[in-house]
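S.K.: If you scroll down you'll find the structure; I have some questions about it.
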Amino acid sequence: MTESDNKYELMVIVDMSIGQAKIDKRLESIRKQINKDGKIFFEDIWGERDLAYTIKKMDRGYYAVFNFTFDTAEMKEFETSLRLETEILRHLIVKLPLNYEPQSLEDLQNAHLEEKEAEKAEK
């Protein structure tokens, strides 16, 4: 990792109405964009989920999370390309802290369940 590379996390919500084949194609396109100027080090595909609120008349979306290193100078262009994609309902890119350890949604949910069970056992 060079000084111009930083760690980022991208969460993207893809329009479900385009079908699974096009969703897979869109996610592969995102992977190629990231790998052009960076490197993916963790990926977590959440799949089809309800949206918290309606976006572009949609109530469900296909969620994917990518953790990656990226050349900071190229980030604005990458974000613009995501914003222009009509098949992407929403996206969010955040810069990760230096010591961040990625976890899958399943791991986080299991940890939360274990905490709740431990709390019940203490009572």
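S.K.: Kindly indicate whether any position in segment 37-46 is in a strand (DSSP E or B), at pLDDT 90 or above and among the β-branched types (Val, Ile, Thr).
M.R.: So far as segment 37-46 goes, yes, one or more of its residues are in a strand (DSSP E or B), at pLDDT 90 or above and among the β-branched types (Val, Ile, Thr).
S.K.: How many residues, within segment 24-46, are more than 23 Å from residue 108 (Cβ to Cβ) and touching a residue at least 60 places away in the same chain (Cβ under 8 Å)?
M.R.: Count: 1.
S.K.: Related question: So, of the residues in segment 49-92 that are assigned to a helix (DSSP H, G or I) and of a type outside the set (D, E, K, R), which turns out to be nearest to residue 105 (Cα to Cα)?
M.R.: Of everything passing the filter in segment 49-92, 82 is nearest to residue 105 (Cα to Cα).
S.K.: Of all residues in segment 93-123 being part of a loop (DSSP other than H, G, I, E, B) and of a type in the set (A, V, I, L, M, F, W, C), which is nearest to the chain's Cα centre (by Cα)?
M.R.: 96
S.K.: In the list 54, 80, 72, 86, which residue meets the criterion of being among the β-branched types (Val, Ile, Thr) and modelled with pLDDT under 90?
M.R.: 72
S.K.: Between 52, 73, which is surrounded by fewer than 15 Cβ atoms within 10 Å (Cβ to Cβ), more than 20 Å from residue 36 (Cα to Cα) and either without any contact (Cβ under 8 Å) to a residue 40 or more places away in the chain or not basic (Lys, Arg) (or both)?
M.R.: When all the criteria are applied, what remains is 52.
The values are calculated or read from the model by the stated rules, or taken from the named source; none is laboratory data. All figures in this text were calculated on a predicted structure; none of them were measured in a lab. So basically every Cβ, Gly included, is an ideal-geometry build from the backbone, and we count neighbours across all protein chains shown.
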